[in-house]
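A.B. asks: Pasting a structure below so you can have a look.
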Amino acid sequence: MQSNWQHDARNTLKGANSCNDFFQSNQFEDQNFPIKIPLEFANLIDKNNPDDPLLKQVIPSESVLSQPGFSYSPLADEGNAPVEGLIHKYPNRVLLITSRVCAIHCQYCFRQNFDYSGHDAMSNWLAIEDYIRSHQSVNEVILSGGDPLSLSDEKLEKLIKNIENIKHVKLLRIHSRSIVVTPSRITDKLVKILAKTALKVVLVTHVNHENELSEVFVKNIGNFVNVTLLNQSVLLAGVNDDLDALERLSLKLFDAGILPYYLHMLDKVKGAEHFLVSDERAIQLHQDMKSSLSGYLVPKLVRDENLKSKTWI
Ligand code: SF4
């Protein structure tokens, strides 16, 4: 399982011209959020299908659909950062912005306009440590980004050791889409780091469609030990907003040892209007999933609010 994941992560399509060349299409136009597609992900896309569900996630769209409620920063995360690099919205957990880098740019991303300047948990660790130590109610630290697994194994190991040293923190949650789109990121060293930490580790993969579950990903994700594997998806029009697609995703995740956990409503970021699924449709799809799948295969349908809450819908 030794691999040069940093090489794979750099091996990406960037910009409309290289994407149009690769896909032999004219669908790509440079917009506000730069195009970035790792080759491992691009190779899973059917070049002959303009409606390919993976392709749709990475094609930028001009914000031509005027929809109420869409903004540049739908969750206004910056307002919940008492210390730079740390977001504190819920009493028991804090989220660290560990990196501004992602292996892929998802065009529905709610953080695509996030002002990362100053928000670097790695360089602001001492202030962050003080903050967590002074909040005894915090028992979980969530590593987010960008993507926390864009950090090197060495940096991650150091950060995890620092978190371990805070006695009232027991849980470590890592959210990552990079390991899905560049599965070579699951290195032996990463597996060892997560296996040996004293913290209980929850790894939340971000998979939206069954076609993202490549053979390499399924093989590599099976190497983790002492790690609870959960998945969160975003409900995206034209990608996974039908019962068949959602059922197959849940079943394939379970086959890979991952429990479907969250199905997120779209965060209303400008440029992502075309991905919106109405509440009525989402609730109907969720009801249909409950009828056709065992309960443990039905993710919770949720929406993040611009408040200190997550709403079950
Ligand atoms: S990987 Fe996550 S943070 Fe990065 S662009 Fe995609 S949705 Fe946004």
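The values are calculated or read from the model by the stated rules, or taken from the named source; none is laboratory data. Here the structure is a predicted model, which is why all the values come from computation and not from measurement. Don't worry about glycine lacking a Cβ; one is built from the backbone with ideal geometry, like all the others, and counts go over all protein chains shown. In case anyone asks, the SASA skips ligands and DNA or RNA and just uses the protein heavy atoms, side chains included. Shrake-Rupley method; radii C 1.70, N 1.55, O 1.52, S 1.80 Å.
A.B. asks: Starting from residues that are within 28 Å of residue 221 (Cα to Cα) and charged (D, E, K, R), keep the ones in segment 1-42 and report whichever is nearest to the chain's Cα centre (by Cα).
C.D. replies: That would be 36.
A.B. asks: Answer yes or no: is there a residue in segment 153-174 that is within 16 Å of the ligand (Cβ to nearest atom), surrounded by 17 or more Cβ atoms within 10 Å (Cβ to Cβ) and closer than 19 Å to residue 226 by Cα. Reasoning before the result, please.
C.D. replies: So in segment 153-174, the residues within 16 Å of the ligand (Cβ to nearest atom) come out as 173-174.
Still in the list and also surrounded by 17 or more Cβ atoms within 10 Å (Cβ to Cβ): 173-174.
So of that shortlist, the ones also closer than 19 Å to residue 226 by Cα come out as 173-174.
Yes, segment 153-174 contains a residue that is within 16 Å of the ligand (Cβ to nearest atom), surrounded by 17 or more Cβ atoms within 10 Å (Cβ to Cβ) and closer than 19 Å to residue 226 by Cα.
Here's the yes/no breakdown for (1) within 16 Å of the ligand (Cβ to nearest atom); (2) in contact with a strand residue (DSSP E or B) (Cβ under 6 Å, 6 or more places away or on another chain):
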| residue | (1), (2) |
| --- | --- |
| 229 | no, yes |
| 240 | yes, no |
| 245 | no, no |
| 252 | no, no |
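A.B. asks: Could you check segment 239-292 and list, in sequence order, the residues that are at pLDDT 95 or above, basic (Lys, Arg) and more than 26 Å from residue 203 (Cα to Cα)?
C.D. replies: 281
A.B. asks: A further question on this structure: For segment 187-238, give me each residue that is acidic (Asp, Glu) and either open to solvent by 10 Å² or more (accessible area, probe 1.4 Å) or modelled with pLDDT under 95 (or both).
C.D. replies: Listed by number, the residues that qualify are 188, 210, 215.
A.B. asks: Given the options 114, 41, 28, name the one that is at negative phi, more than 14 Å from the ligand (Cβ to nearest atom) and open to solvent by less than 30 Å² (accessible area, probe 1.4 Å).
C.D. replies: Details: 114 fails: more than 14 Å from the ligand (Cβ to nearest atom); 41 fails: more than 14 Å from the ligand (Cβ to nearest atom).
Checking each option against the conditions leaves just 28.
A.B. asks: I'd like the full set of residues that are touching a residue at least 40 places away in the same chain (Cβ under 8 Å), touching a strand residue (DSSP E or B) at 6+ places or on another chain (Cβ under 9 Å) and hydrophobic (A, V, I, L, M, F, W, C), limited to segment 88-124.
C.D. replies: Those that are touching a residue at least 40 places away in the same chain (Cβ under 8 Å), touching a strand residue (DSSP E or B) at 6+ places or on another chain (Cβ under 9 Å) and hydrophobic (A, V, I, L, M, F, W, C): 94, 95, 96, 97, 102, 103, 104, 106, 109, 110, 114.
A.B. asks: Could you say which residue among 256, 237, 272 is free of Cβ contacts under 8 Å to residues at least 60 places away in the same chain and either closer than 27 Å to residue 69 by Cα or acidic (Asp, Glu) (or both)?
C.D. replies: Working: 256 fails: either closer than 27 Å to residue 69 by Cα or acidic (Asp, Glu) (or both); 272 fails: free of Cβ contacts under 8 Å to residues at least 60 places away in the same chain.
Checking each option against the conditions leaves just 237.
A.B. asks: For segment 66-111: of the residues being within 16 Å of the ligand (Cβ to nearest atom) and of a type in the set (Lys, Arg), which is nearest to residue 31 (Cα to Cα)?
C.D. replies: Only one residue tops the list, namely 111.
A.B. asks: Can you pull out the residues in segment 136-152 that are in a loop (DSSP other than H, G, I, E, B) and surrounded by 18 or more Cβ atoms within 10 Å (Cβ to Cβ)?
C.D. replies: From segment 136-152, those in a loop (DSSP other than H, G, I, E, B) are 136-139, 145-147, 151-152; that's our starting set.
Selection gives 138, 145, 146, 147, 151.
A.B. asks: Hey, another quick one. Of these, 68, 50, which one is at pLDDT 85 or above and exposed (fewer than 14 other Cβ atoms within 10 Å of the Cβ)?
C.D. replies: On the way: 68 fails: at pLDDT 85 or above.
After applying the criteria, what remains is 50.
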